[in-house]
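First the structure, in the form of structure tokens, and then the observations on it.
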Amino acid sequence: MDHVGGAVPLAESLDERRHLLDVACRALGGRVAAERVVDEAYRRWYHLTDPERVRMTAPRAWLTRVVEEACLTPPAAPWAEEEWESRTPRVPYGEDAEPVEWARLRRRVLRARPAPAARQHEITGAVGQACTDQDGPRLRALLASDATAFFDSGGKIRALTRPVRGDEQVARSLLVLLAGQRRVTLRTGSVNGRTGLVVRCDDRVAAVIALDIADSLVLRVWAILNPDKLRSWNGPSPG
């Protein structure tokens, strides 16, 4: 089930999506059709209200049932899918979530003293090590008190849908996301031209994390979890 206000370990989310794809592939016989059905299931998940999702005791079972029912339903006319998408709320993450908050954070970064590249690399590595060690106090010490984290799942896996604010909350959400050291590994790497964190789960890139650092503290965390946006990191999808 969900953890820490809706945060879900990355390995758990990926296992869930693989399970749903397996269910759909067995029923439909093709991965392209299966992907469409699974994406629709997640759209319906995010169409639920926040309280409905929080009360859900078995999200994976609910999603499986949605997928199984969709596989038994004849394909709808092309306009039906477009109508559904137009009625489905956008998953609130990143810049589009709260423009006022985005502007405030941007001003905060501009006012802060940028850390030299070497220092940014050092802090990014320290963040990755603290996450690997599941060391909450050390991770919090690297975050600004008003740090904010954004999680871009693209509505393709279960993940936090709203920005997380405050050093304690950001640290907790990252530790939950990156739990499971036996399967999840973090390495520093180039992300958008700067040092970031590349997260692998079972030898595939499952997330990339960029950090905005100033005054020797992390101000913002950008976690890209959307499988579509990570395809270039992994090459062609299997199967």
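The values are calculated or read from the model by the stated rules, or taken from the named source; none is laboratory data. Given the structure is predicted, the values throughout are model-derived calculations rather than measurements. All Cβ positions, glycine included, derive from the backbone under ideal geometry; neighbour counts span all protein chains shown. In case anyone asks, the SASA skips ligands and DNA or RNA and just uses the protein heavy atoms, side chains included. Shrake-Rupley method; radii C 1.70, N 1.55, O 1.52, S 1.80 Å.
Candidates 200, 158, 182: the one that is surrounded by 22 or more Cβ atoms within 10 Å (Cβ to Cβ) and under 28 Å from residue 63 (Cα atoms) is 158. For residue 168, which of the numbered conditions (1) open to solvent by 10 Å² or more (accessible area, probe 1.4 Å); (2) part of a strand (DSSP E or B) fails to hold? Failing condition for residue 168: (2). Exactly one residue out of 173, 145, 216 is touching a Gly at 6+ places or on another chain (Cβ under 8 Å) and more than 24 Å from residue 14 (Cα to Cα), and it is 145. Among the residues of the range 57-84, those identified as at pLDDT 90 or above and either surrounded by 11 or more Cβ atoms within 10 Å (Cβ to Cβ) or of a type in the set (D, E, K, R) (or both) are 59, 60, 62, 63, 64, 65, 66, 67, 68, 69, 70, 71. How many residues are modelled with pLDDT under 95 and under 19 Å from the mean Cα position of the chain (by Cα) when one looks only at the range 18-34? Going through the range 18-34 one residue at a time, the tally reaches 0.
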